[in-house]
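Worksheet: one structure, shown below.
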Amino acid sequence: MLHPALPILLLAVTAPAVAALDAAPPDAAPAQQSLDGTMVAQMTIRERVVIRVPRMSAASRLPLPVPVRYKEKKGPKCVAAAELAGALIQEPGAVDLVITGGKRLRARLDKDCGPLDYYAGFYLRPAADGKVCAGRDVLRMRSGASCGIATFRTLVAAK
């Protein structure tokens, strides 16, 4: 015959183990006992970071910068290819070249160059002297077409 307190004793002994199993995350590996008697377990902790970006009110917005208008002046015949830093397309029939140091040149293209030919991108291949010259060199389009450079004009900020 069982002692009447035995079921209560069994519940008291197993309650901490059941509580620990309930508290373990579902992806935790079960605890294992090593040869020397220590308990070893593995647990994965996942974390989520949420960054709140407040909406700017109309009063806190900064004004947009006014676009700079340029006047064309007489430009060089050639420019060193190593000085070219970038290109912009501001108007049909021309490509604005940004020179290291912030100067700008406008490469006016030959009349037979279609405006949509160079909008998707282009290549400049300098000659053996390392320069790109008006009247000699061409812009090569990604489509396979090419446009000759008619003249270079120096761009100066209009007052």
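Taken together, the values in this text are just the output of simple stated rules run on the coordinates, not laboratory data. It should be emphasised that the depicted structure is a prediction, and the values quoted were computed from it without experimental measurement. Heads up, the Cβs are rebuilt from the backbone with ideal geometry, glycines too, and the neighbour counts pull from every protein chain shown.
Extending each Cα 7 Å along its Cβ direction at Ala81 and Tyr123, get the distance between those two points in nm, one decimal.
1.1 nm
Determine the sum of side-chain charges near Tyr123: Lys and Arg each +1, Asp and Glu each -1, restricted to other residues whose C-beta is under 10 angstrom from that of Tyr123.
+3
How much net charge surrounds Arg153 when only other residues with a Cβ under 11 Å from its Cβ are counted (Lys, Arg +1; Asp, Glu -1)?
Once all neighbours under 11 Å are counted, the net charge is +4.
Under Stokes-Einstein, with the Kirkwood radius over Cα pairs standing in for Rh, what whole-number D in µm²/s applies to region 70-157 at 37 °C and 0.692 mPa s?
Estimated via Stokes-Einstein, D reaches 255 µm²/s.
May I ask for the net charge around Asp96, where only other residues with Cβ less than 10 Å from the Cβ of Asp96 are counted and Lys, Arg are +1 while Asp, Glu are -1?
Its environment carries a net charge of +2.
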